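**Student:** This is the structure I want to talk about, given as structure tokens.
The values are calculated or read from the model by the stated rules, or taken from the named source; none is laboratory data. Worth saying up front: this structure is predicted, and the values here are computed from it rather than measured. Quick reminder, even Gly has a Cβ in these numbers, built from the backbone with ideal geometry, and neighbours come from all protein chains shown. Side chains included, ligands, DNA and RNA excluded: accessible areas come from the protein's heavy atoms. Shrake-Rupley method; radii C 1.70, N 1.55, O 1.52, S 1.80 Å.
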Amino acid sequence: FSLITGHADPQRPAALQLDRLALDGTLAFYMGVKNLPAIVAELRRIGRAADTPAAIIEWGTYMRQRTVVAPLDGIEAAAAQANIEPPAMLLVGDVVSLREQMDWFEQRPLFGKRIVVTRAASARGDLAPRLREMGADAVEMPTVEFRTQENAGDLLGAPHDWIVLASPNAVAALGDALEQAGRDARALAGTKLLAIGSATLRTLRERSLIADVAAEGYEPERVTAALLDHAGDLAGRRVLLPCSNLVHSDLAPALRRAGAQVTEAVAYTAEVPANATEMARRLLEPAPDLVCFTSSAAVRNFAAILGDAALADFNAAVPAAVMGPVSAAAARDAGFRIAVEPATHTLDALAEAIAAWASRGAPPSPPD
């Protein structure tokens, strides 16, 4: 097995000489695209058979990886036909014949798909890693910057039986409220916490708080059922629902129907990040195969970042994936074509629904 430079140092020009290489081993040439004709000619000169299996791999180990396989005497023409460009590696040897048995990387369900995942500027995204594991070139685009209200401390002004935290931002707002009031977690004694989603649970733990109830989905009925399973009865229970200035949720009405006394409090605002326009220009060219929204705030801010004219062109070319009915309603209002909406409103369900969408024949992105 030999690792060989396919590109000589321009300051030290030297003729390509492969005479000392074993003819029956595996040869891996780095940076050899431009010199491919010379490499093939030299291998044939020293006696490598014309039908030796060969492969050239463009952007190896990246989500945009492409592989062309041909006999040694045909690899140059095959690479030219596929428009293979640097960076690429040339492999020569019998190991190439095992490609069909070992080709797991390019067989993943989202391989070749470029997906833009909108998220909060301050949050660590959970969806993009899931999509990358499935093979997607998932790029994260911050569209929302959350700012806690200056009067967040007022959240703690009245006692509550429950605080329902629907996002990591709600957890951050609760923490900021405690800090503004000069208090700590002891102020929550007697108050139970419900967290919706894995990211919210993780953010709670990072602040040394543990949820009494965890709800996996965002559907109002499921959240209400989770509360009822724990509390038995919500009649007269005081429930605080910290939210953003843009959220119009069906959760509060569902809790009220179950008998709870619900206070919806605007605890934080969802603003457009300062560098969003420049970031959009870089991330949205070329156009992705899909754009993902997990909140209505992300939808509205994404539309604002693009502007009316660019948004119309984008919507005509790129379908959308949404987490649930709230983000779906915002997406439709903004003119997006919804291609993916899971029945269960979780990140895992959204990722699986995107994979199912791709398996139905969604066209791949053209190579850059």
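**Student:** So for the pair T61, E100, with labels modelled 7 Å out along Cα→Cβ, what separation do we get in nm?
**Tutor:** Calculated label separation equals 2.8 nm.
**Student:** Tell me the angle of helix 296-317 to the major Cα principal axis of the chain, expressed in degrees between 0 and 90 and rounded to the nearest ten.
**Tutor:** Once rounded, one gets 40 degrees.
**Student:** Report the FRET efficiency, 1/(1 + (r/R0)^6), for A316 and D19, where r is their Cβ-Cβ distance and R0 is 56 Å, rounded to 0.05. All intermediate terms of the calculation are to be shown ahead of the outcome.
**Tutor:** Details: r = 58 Å, r/R0 = 1.04.
Using R0 = 56 Å, I get an efficiency of 0.45.
**Student:** For segment 39-170, what number results from the quotient of the Cα radius of gyration and 2.2 N^0.38 Å?
**Tutor:** Ratio of Rg to 2.2 N^0.38 Å for segment 39-170: 1.79.
**Student:** Any idea what the dipole of the chain comes to, in debye rounded to 20, about its Cα centre with Lys/Arg Cβ at +1 and Asp/Glu Cβ at -1?
**Tutor:** 220 debye
**Student:** Further question on the same structure: Taking one equal scatterer on every alpha-carbon of segment 238-350, how large is log10 of I(q)/I(0) by Debye at q = 0.16 1/Å?
**Tutor:** At q = 0.16 Å⁻¹ the computed log10 ratios are -0.81.
**Student:** Which percent of the Cα-Cα distances in segment 128-263 go past 25 Å? Display every interim value, and only then the final one.
**Tutor:** Details: 2639 of 9180 pairs.
Of all Cα-Cα pairs in segment 128-263, 29 percent lie more than 25 Å apart.
**Student:** How would W357, W162, W59 line up by accessible area, probe 1.4 Å, largest first?
**Tutor:** W59, W357, W162
**Student:** Here's a follow-up. Can you tell me, using C-alpha contacts under 8 Å and at least 6 residues apart, the relative contact order of segment 227-306 as a whole percent?
**Tutor:** Worked out over segment 227-306, it gives 30 percent.
**Student:** How much accessible area per residue does the chain have, counting only protein heavy atoms and a probe of 1.4 Å, in square angstrom?
**Tutor:** 50 Å²
**Student:** Angle between the Cα long axis of helix 36-45 and the longest principal axis of the chain, 0 to 90 degrees, nearest 10?
**Tutor:** Tilt of helix 36-45: around 40 degrees.
**Student:** In whole percent, how big is the carbon plus sulfur part of the accessible area of segment 214-337, probe 1.4 Å, protein atoms only?
**Tutor:** That fraction is 51 percent.
**Student:** On C-alpha positions alone, give me the angle between the axis of helix 220-231 and the longest principal axis of the chain, in degrees, nearest 10.
**Tutor:** Once rounded, the angle reads 60 degrees.
**Student:** Over the chain, how many percent of alpha carbon pairs lie in each 10 Å bin up to the one with the longest distance?
**Tutor:** For the chain, the pair-distance distribution reads 5, 20, 23, 17, 14, 10, 7, 3, 0.
**Student:** Between D233 and D154, what is 0.36 nm times their sequence separation minus the Cα-Cα distance? Round to one decimal in nm.
**Tutor:** 25.7 nm
**Student:** Sticking with this one: May I ask you to derive the FRET efficiency for Y30 and D212 from their Cβ-Cβ distance with R0 = 56 Å, giving the value to the nearest 0.05? Walk me through the numbers before you get to the answer.
**Tutor:** On the way: r = 56 Å, r/R0 = 1.01.
The pair Y30/D212 has a calculated efficiency of 0.50.
**Student:** Then there is this: For Q81 and A329 in one chain, what is 0.36 nm times their gap in residues minus the Cα-Cα distance, to one decimal in nm?
**Tutor:** Full extension from Q81 to A329 adds 84.8 nm.
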